[in-house]
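These notes concern the structure reproduced below.
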Amino acid sequence: MNAPTSTAATDTVRTLNIAGMTCASCVAHVERALMKVEGVQAASVNLATETATVTAPATVPLSALIDAVAKAGYEVRRDTLELDIEGMSCAACVGRVEKVLQRVPGVVSANVNLAARRAHVELAGSVPTAALVAAVQKAGFGATPAAEVSEGAREADAAAEETALRRAVWIAVALTLPVFVLEMGSHLIPGMHDWVMATIGHRTSWLLQFVLTSAVMFGPGLRFFRKGVPALLRGAPDMNALVAMGTAAAWGYSVLALFAPALLPAGTVNVYFEAAAVIITLILIGRLLEARARGKTSDAIRRLMRIQPRTARVRRGAEGVEIPIGEVVVGDVVEVRPGEKVPVDGVVLEGHSVVDESMITGESVPVEKGVGATVVGGTLNTRGAFAFRATRVGADTVLAQIVRMVETAQGAKLPIQALVDKVTMVFVPVVMGVAALTFLAWLVFGAAWLAEDVPALSFALVNAVAVLIVACPCAMGLATPTSIMVATGRAAQMGVLFRKGDALQLLRDAEVVAVDKTGTLTVGKPQLTDLVVADGIKRAEVLALVAAVERRSEHPIAEAIVAAARAEGLALDEAEGFEADAGHGVSATVAGRRVAVGADRLMRRLDLEVGEFAATAARLGDEGKSPLYAAIDGRLAAIIAVADPLKPSSAAAVKALHDLGLKVAMITGDNERTARAIARQAGIDEVIAEVLPDGKVVALRRLAEGGGFGGASTGVASGFAGSVQSMSGTAGAAGSAGAGARRRVAFVGDGINDAPALAEADVGIAIGTGTDVAIESADVVLMSGDLMGVPRAIALSRATMRNIRQNLFWAFAYNSALIPLAAGMFYPAFGALLSPVFAAAAMSMSSVFVLGNALRLRRFGAGAVQA
């Protein structure tokens with residue numbers, strides 16, 4: 001047991017929720033594991049409530065406690081909470097909010113998104129929401145649990161903020177314009193200075209500028225002081241503090257020059273009222289443009305939220321009653337008329353229609369719906385009426401899950417953000433230090449580079465103010481989250497859901513895409529693909545007779561033949577005397593005609609030669625299809641093939657992946673011959689066949705380690721096929737051979753049987769069904785079965801990362817170039833200087849540039865596949 005420390009006064013009590021305990025022995029294991037953590041004073045575990053109460057100094061990281069429990073074989077349950085944050089303006093604010101949230105006992109991590117103004121907090125144990133809100137408020141910001149704020153309220157708040165900013169801009173412009181004309185007009189317009197001196201007078205002009213500038217400073221500009229001064233006093237300065245300090249310095253110096261000129265050295269009595277007023281006005285204009293652009297970044301998710309109708313027509317007895325959507329419960333029978341939206345998820349009970357599901361799956365072709373079909377809330381009933389039983393309502397609907405996934409992805413931080421976070425945490429204090437050094441350097445050494453009539457004090461002040469104003473932590477804070485928000489929203493519109501935000505970055509680096517065959521590349525169920533009849537025999541007649549016999553069988557091939565006959569509207573007679581011969585085929589009498597269907601072995605037993613179909617049989621064999629034959633009344637009538645065909649888009653998707661520079665591998669449990677045939681049709685580079693489900697993980701590891709793609713002439717490396725055992729035996733060698741060149745591998749599967757492979761891959765991409773989006777093992781979910789979603793997702797990932805790099809380059813290059821210019825570093829050699837007014841304009845536009853660049857991703861086309 002750890003010895004008591006003298007810092008008991010700083011000890012905190014944390015409550016952890018423990019999963020996996022079943023008995024008193026488990027309790028003892030967990031308590032011992034917790035007590036071994038350095039600094040823990042006491043640990044008490046309650047089996048009934050499945051909680052652990054730990055007393056330890058606040059310096060003991062929560063992660064150490066979680067790791068200790070995990071090593072003991074148990075798990076600390078984690079919850080998440082979303083908070084809407086008010087008052088953030090730059091990256092420094094983000095860092096401040098994250099820091100105070102992470103200090104709250106029980107918080108595992110906190111990620112704050114400046115663009116969305118939201119904090120995603122991961123909790124371990126019982127953490128009162130009030131404690132989190134209080135921590136944020138103590139840091140000078142507002143916080144409200146996101147669940148308590150409706151989207152309508154958020155939109156109303158955003159609209160109110162934009163209205164207030166617009167009003168502030170117009171007031172600031174009206175007050176600043178006379179100041180600008182009085183001061184700068186005297187320098188720019190010939191005769192203006194003499195006119196002002198003759199009509200208004202020098203001192204009256206300064207007094208008028210003082211009144212108008214003060215109105216700007218403490219009217220529209222007061223917001224900067226309300227936020228900036230408290231932040232400065234807390235020792236956590238932000239962008240508001242920089243603006244407040246810069247404008248206050250210019251205004252304060254001018255007030256001193258106006259009312260107490262004797263306190264200033266001779267030759268330094270000048271006023272800079274116009275600088276303070278114009279700075280505030282330009283920054284307010286930038287804030288207004290930023291607010292408008294930021295609202296557009298979340299357009300996609302707002303559109304998703306608006307998809308669901310507000311009311312539903314539910315049967316109450318024999319009547320259909322219109323009720324609010326929130327009152328629909330599971331089991332209700334809901335009626336939908338032509339042109340109406342489906343209110344919730346369910347299963348069709350009666351009626352037939354065609355439903356547009358493009359807003360969910362991204363597929364533009366409407367889908368037919370009949371009895372037994374599933375319907376998704378938010379989709380549009382184009383024609384026909386139907387009734388369905390509600391199966392999922394409220395937060396459980398597919399639409400609600402999609403919105404949650406997009407919000408989660410938008411709130412994620414990419415690995416590329418780590419450097420930005422480190423810089424922004426110290427950026428504002430460093431800028432303040434640079435401004436102070438600038439002032440002192442020009443005050444002490446400026447005389448050596450300045451003309452005799454230029455006072456060093458005034459010059460030092462102007463340059464220091466320019467440094468404070470030009471520095472822009474906003475652009476750095478917005479560079480990554482805005483691109484993520486726009487990209488994930490656009491992806492959702494195309495039917496691609498990024499469940500994890502970092503998949504956007506990881507997918508960009510993928511070199512190999514491995515795909516499952518059944519249900520991913522192929523349709524997923526057998527279909528009649530070929531029916532070639534002998535001379536003098538009608539195709540429809542053969543199909544009707546064969547289907548009548550196969551209707552008595554339960555084999556998947558038989559079901560495919562029957563389904564094909566029904567799809568062609570053929571009437572099927574009853575089969576009599578049905579006989580099944582395992583390994584050979586089936587036979588029966590239909591409408592007085594003897595029909596036999598089976599392999600060539602059955603035909604030989606019936607003394608029938610299959611030679612006339614030899615060429616067709618060879619072709620089918622090359623395509624990986626096993627031919628069946630049909631004999632009618634003792635005569636060979638047709639050759640039949642049933643197979644799981646490629647999806648229409650699979651070959652195009654593989655080509656698109658090749659165009660992106662990626663290699664494509666197929667992993668399947670099918671025999672090698674069938675796998676090779678499918679690979680040839682789709683253009684697959686590599687086949688890994690005859691692999692049991694568990695072997696897919698081993699196959700992925702080998703692909704990552706550089707195995708395969710040996711350049712076989714057919715594009716299929718036969719040496720790579722094999723069972724799990726043989727692959728396991730070579731995995732170690734492959735790993736040692738290719739350990740230095742590990743490749744990133746994305747795996748595409750169905751999300752059910754492929755869960756281990758999806759989890760093993762660098763990026764797991766699950767093919768959804770349009771109704772199942774909660775595939776936990778996947779990083780990305782394709783809402784439709786269209787494999788073209790994979791190259792689209794990769795192309796969007798690359799476009800997004802390119803966009804983020806552009807934003808970050810701009811943000812860092814802007815600050816790196818303009819801060820030295822504002823400090824006057826280039827003045828001695830080149831005479832180059834940056835006016836505080838131009839500094840304010842540049843700072844305002846830097847954030848607008850980043851937002852505008854991110855918004856370009858909204859135009860990313862569903863058909864855009866670019867390297």
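The values are calculated or read from the model by the stated rules, or taken from the named source; none is laboratory data. Because the structure is a prediction, the values reported are computed rather than measured. Every residue, glycine among them, receives a Cβ derived from its backbone with ideal geometry; neighbour counts consider all protein chains shown. Surface areas here come from the heavy atoms of the whole protein model, side chains and all, with no ligands, DNA or RNA. Shrake-Rupley method; radii C 1.70, N 1.55, O 1.52, S 1.80 Å.
Against the chain, whose longest principal axis is taken from its Cα atoms, helix 417-445 shows a tilt of about 20°.
Want the number for Leu349 to Ser150: 0.36 nm per residue separation, take away the alpha-carbon distance, what's left?
Net length gain for the segment: 68.3 nm.
The orientation-averaged projection of the convex hull spanning the C-alpha atoms of region 747-856 amounts to 10.0 square nanometres. So what is Rg over Rh here for region 318-377, counting just Cα atoms and using Kirkwood for Rh? Result for region 318-377 is an Rg/Rh of 0.95. Share of pairwise Cα-Cα distances greater than 25 Å in region 1-118 is 34 percent (whole percent). Split the accessible area of region 291-438 by element, probe 1.4 Å, and carbon with sulfur accounts for 58%. Computing Rg and the Kirkwood Rh from the Cα coordinates of region 517-640 gives a ratio, Rg/Rh, of 0.95. Here region 802-861 is described by how far its Cα atoms reach on the three principal axes: 50, 21, 12 Å, from widest to narrowest.
Using only Cα atoms, tell me the angle between helix 222-233 and the longest principal axis of the chain; keep it within 0 to 90° and round to the nearest 10. Value to nearest ten degrees: 90. Taking a point 7 Å from the Cα of Thr382 along the Cα-to-Cβ direction, the residues of region 329-367 with backbone N closer than 17 Å to it are 337-342, 352-367. Scaled to the globular estimate 2.2 N^0.38 Å, the Cα spread of region 58-180, given as radius of gyration, is 1.39.
Size estimate for region 403-489 follows the Kirkwood approach: the inverse of mean 1/r over distinct Cα pairs works out to 15.8 Å.
Where Lys and Arg each count +1 and Asp and Glu each count -1, what net charge lies around Thr213 among other residues with Cβ under 12 Å from its Cβ?
Spelling it out: positives minus negatives among the neighbours equals -2.
Probing with 1.4 Å while keeping every protein chain in the model, the per residue accessible area of the chain equals 42 Å².
Given R0 = 41 Å, the distance between the Cβ atoms of Lys36 and Ala131 translates into a calculated FRET efficiency of 0.90. Between Arg552 and Arg310, the distance separating the two model label sites (each 7 Å from Cα on the Cα→Cβ line) works out to 6.2 nm.
The peptide list 576-589, 491-504, put in order of mean Cβ contacts within 10 Å with the highest first, becomes 491-504, 576-589. Label positions at Glu579 and Ile200, each projected 7 Å from the Cα along the C-beta direction, are separated by 11.3 nm.
Angle check, please: helix 24-35 long axis (alpha carbons) against the longest principal axis of the chain (alpha carbons), in degrees 0 to 90, nearest 10. It is inclined by approximately 30 degrees.
Between Ile323 and Arg303, what length comes free when the chain is fully extended (0.36 nm per residue of separation minus the Cα-Cα distance, one decimal in nm)?
Difference between extended and current length: 4.9 nm.
Take Met666, Met825, Met425 and sort them by solvent-accessible surface of the protein heavy atoms, 1.4 Å probe, largest at the top. List each step's numbers first, then the result.
Values: Met666 0, Met825 135, Met425 75 Å².
My answer, sorted largest first, is Met825, Met425, Met666.
Each Lys or Arg adds one and each Asp or Glu takes one away; over the other residues whose Cβ falls under 13 Å from the Cβ of Asp659, this sums to +4. With K and R counted +1 and D and E -1, the other residues having a Cβ less than 15 Å from that of Ala617 yield a net charge of -1.
Backbone N atoms of region 465-492 closer than 20 Å to the 7 Å Cα→Cβ label point of Glu161 belong to residues 472-489. Taken about its Cα centre, the chain carries a charge dipole of roughly 1900 debye when the Cβ of each Lys and Arg holds +1 and the Cβ of each Asp and Glu holds -1. Shown is the FRET efficiency for Asp633 and Leu692, computed with R0 = 30 Å from the Cβ-Cβ distance and rounded to the nearest 0.05: 0.10. Taking 0.36 nm per residue of sequence separation and removing the Cα-Cα distance, the Phe830/Arg619 pair yields an extension gain of 68.1 nm.
With bins 10 Å wide beginning at 0, the percent of Cα pairs of the chain falling in each bin runs 2, 10, 15, 17, 18, 14, 10, 7, 4, 2, 1, 0, 0. Per residue, the convex hull spanned by the Cα atoms of region 214-257 measures out at 57 cubic angstrom.
Counting only DSSP beta bridges with both residues in the chain, the antiparallel share comes to about 80 percent. Over all directions, the projected convex hull of the C-alpha atoms in region 56-115 averages 5.0 nm² in area.
Restricting the trypsin sites (Lys or Arg not before Pro) of region 14-115 to loop positions (DSSP other than H, G, I, E, B) with no more than 12 neighbouring Cβ atoms within 10 Å leaves Arg103. Across region 275-359, C-alpha contacts under 8 Å between residues 6 or more apart give a mean separation that, scaled by the residue count, equals a relative contact order of 23 percent. Ellipticity at 222 nm from helices only: DSSP H runs of n ≥ 4 in the chain, each -39500 (n - 2.57), divided by the residue count, give -15500 deg cm²/dmol.
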